[in-house]
Every structure is written in structure tokens, then in C-alpha cells.
1. Tell me the residue from Ala201, Ala230, Ala239, Ala248 that is among the small types (Gly, Ala, Ser), at pLDDT 95 or above and in contact with a helix residue (DSSP H, G or I) (Cβ under 8 Å, 6 or more places away or on another chain), please.
2. State all residues of region 247-278 that are over 20 Å from Ile347 (Cα atoms) and part of a helix (DSSP H, G or I); if no residue qualifies, say none.
3. Is there a residue being among the acidic types (Asp, Glu) and surrounded by fewer than 14 Cβ atoms within 10 Å (Cβ to Cβ) anywhere in region 214-226?
4. Looking at Arg313, Arg349, which is the one that is without any contact (Cβ under 8 Å) to a residue 12 or more places away in the chain and closer than 18 Å to Val200 by Cβ?
5. Check whether at least one residue in region 279-297 is under 22 Å from Lys111 (Cβ atoms), touching a residue at least 40 places away in the same chain (Cβ under 8 Å) and not in a loop (DSSP other than H, G, I, E, B), and report yes or no.
6. For region 237-272, which positions are among the β-branched types (Val, Ile, Thr) and either in contact with a Lys or Arg (Cβ under 8 Å, 6 or more places away or on another chain) or surrounded by 21 or more Cβ atoms within 10 Å (Cβ to Cβ) (or both)?
7. Let me spell it out: the conditions are (1) under 21 Å from Arg57 (Cα atoms); (2) assigned to a helix (DSSP H, G or I), and Lys97 meets all of them except one. Which number is the exception?
8. Can we say Leu80 is in the same structural domain as Tyr179 (by TED's automatic domain parsing), among the aliphatic types (A, V, I, L, M) and closer than 19 Å to Asn364 by Cβ?
Amino acid sequence: MASASLADWISAISQLLFLLIFILLFLGVNQRFQVYVWSRDIKAKLAIIEAMAKDARKKTLDYMIKNKARDAPKLMDRILDFFVISPVDIEPTDIIKRLAHLLDVRRRRFKQAFQEAMPESDDYTRSKAETAAEISAALNFIYKFVRHLLITGEKTRNWILIMQLQLIMPQILRIADMYRKALDDFIAGTPIGDAAGPMVALRLAGYDAEWQEIEEETVYARATVEGRKAYIVKAKGPASSVGKPGYATAKLIEELVKKGEKPSLLITVDAALKLEGEETGSIADGVGAAIGDPGPEKISFERIAAKHGIPLRAVIIKMGMEEAIQAMKKEIAEGVDKAVERVKELIKRETREGDVVVVVGVGNTLGVR
């Protein structure tokens, strides 16, 4: 009797527990617990991103104050929330012209703000402060956007949104850390991976080349490459700048055509994101304009090449996203050597001696003369 009674009790308790668990599952308690765990994980990573954003702001302010900037905190507050509204694209007529205008206004406004804040500094120093401020703004935006998604998910009890956010948090954290590390390299003035294109241009032109400014923060030099008359274009260094390579190249080619020196080949050289598994510093060539641009610069290459029937070729040096904005690695420097040889090979194979060619080194010239 005692054993039977005990068995009955165990069976009753088991059924009660099963019923309780079923009710809890029906009420979604398990989902609420999971959302709680996900939210805790997101908040922990968000705190790390917040610390990165604050540290970046502090380093940028310290650099500006060290260089006698006026009202540096006030300027930083404005930069962190600065934005550009994309032009209307439902009516595509002259959209490139409108986008180019907005980007020019933004660039001039940034430059003017730092000229006013740091009147005693040179262009090189101001350019580094400007880039550092943009990195700080990027980290601040990442923090605010992730916080926005988290709060929205909690307010609306949207467990799918919180789940998706938690799943991509490691990737977001990696991007934030990438910007954090890049900040130190920019402030130090170290050439970065994205300077691969300008370095190729410098190598082709020669270290003793005479550079002439043809467009805002963009220069060109004459050189002889494989028996061809070459015009080499890149952003003006060693400041942190990408210049206006598309507009500069279009202007240069128009001048050459007027003089009866129509180019037989136009080559753009730039850094490009590699796929996972590909080697850093590996190179490839193709057709088109190699440039990471919202549109105005890239279309300038395409329009001028199409207008005069000039073959448009591209050489890319592959690297990861973090490698592109951080100090240049040995593998990328070796990739520059390979890219120089590939450009020479293309010129030799696709043009004849005495022809005119234009080579454009696209990228940030930080630390590159």
C-alpha cells in the first residue's frame, strides 16, 4: 500500500509539473526568458561600443586641443550629429549632379569648420583631426543606432528584432573595434591600406616627380612608363584626403585631347575588399572604374572614357575592411609592388610605344607624399 501510494504521488506530481510547464510554454514564458538573456548580452556589448565611442571622442579632442583648437568640444558635438540627406531619386534626372553638389557642400563645410577651429595648424594636421572626428562620429552613430534597435525591440516586445540584433552583435562589435584601432593610425599619420592606390601612382611617377594640382586636393605628374608618355593622377598628400580623382581625370583628358594627345588607355588602381579566404595583397585586373564612391567620381571616369572611346581598365589590391583603414600591412605593401608590375604589363600589352596613357591611383593619401 505504501509503495502504491508513493507511486500515485509521483505520478500526480509529474502530471502537475507537465501541466505547469505546458501552461508556461503556452504563455510564452520561455520566450520572455530568452529575450531577457538576449537583451542582457546586447546591453553588455552595447556598453563596450559606448566606451569605444567615448574614448574616440576623447582622443580626437585631445589631439585638437594639443594643436590649439578653439572650442573643440563644441565643434565635436556638431560633427557627431552632422548628416547629409540623399537627393531625391524618384526623379533620376541630374541626380549625379545634385549628389555631387551635396558632397561638395559637406566637404567644404567640414574643411571650413576645422580651419576656423585650428587656424594655427597646417593642412596636414587639420586633415588628421577632420578624419579623426569622422571616425568618432561613425562610432557614435553605431552606438546610437544599436541602442535605438534595442529600445524599440523592448518597447514593442518584438523578440524577433532582439534575436536578430543579438545574432549580428559580434559583427557590429568587430566593425566598431575596427574604427577604434583605425583612429590611432590616422592621428599618427601612418599610411593605411587604402593608400595602396596612391602608392602605386607614386611608384610609377617616381619619388622625384613634380606634382601639379589640377583639381581640389588632386594632383598629377608626367612620367615615362614602358616607353609611353604617362600622366599619373592621385590625391594630394601627405594629408588625409581622397581628392577628386574622377573630376581631375576628366579635366586632364579634355586638356590632352585639345592638345592632340588623346590617351590610348585609362587605368584606375584602388584597394578592394577581398572575400574571406582570399589572400591580403593579392591583385586582379578588369574593366571599369576601380573606386569606392557614391557615384559622382566613378561616373566621371566612365563618361570621359566613353566620350573619347578610351579603354577603361582597373587594377585592384585586395584587403579586408579593417586592413583598408588601419596601418598598411606588409602583405599590402607587397601587393603595391605587384600592382605596379601589373599596370606596366597592361600598358605594354594594350598600347604602343609613344602612346599617351593615364593612370589614376585612387585612395586616401595619408602619409603618402
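The values are calculated or read from the model by the stated rules, or taken from the named source; none is laboratory data. Treat the numbers as computed from the prediction; the structure is a model and nothing was measured. For neighbour counting, all protein chains shown are included, and Cβ atoms are generated from backbone atoms with ideal geometry for every residue, glycine included.
1. On inspection, the qualifying residue turns out to be Ala230.
2. Selection gives Tyr247, Ala248, Lys251, Glu254, Glu255, Lys258.
3. There is no residue in region 214-226 that is among the acidic types (Asp, Glu) and surrounded by fewer than 14 Cβ atoms within 10 Å (Cβ to Cβ).
4. Of the residues listed, the single one that is without any contact (Cβ under 8 Å) to a residue 12 or more places away in the chain and closer than 18 Å to Val200 by Cβ is Arg349.
5. Yes.
6. Val242, Thr249, Ile253, Ile267, Thr268, Val269, listed by residue number.
7. It is condition (1) that Lys97 fails.
8. no
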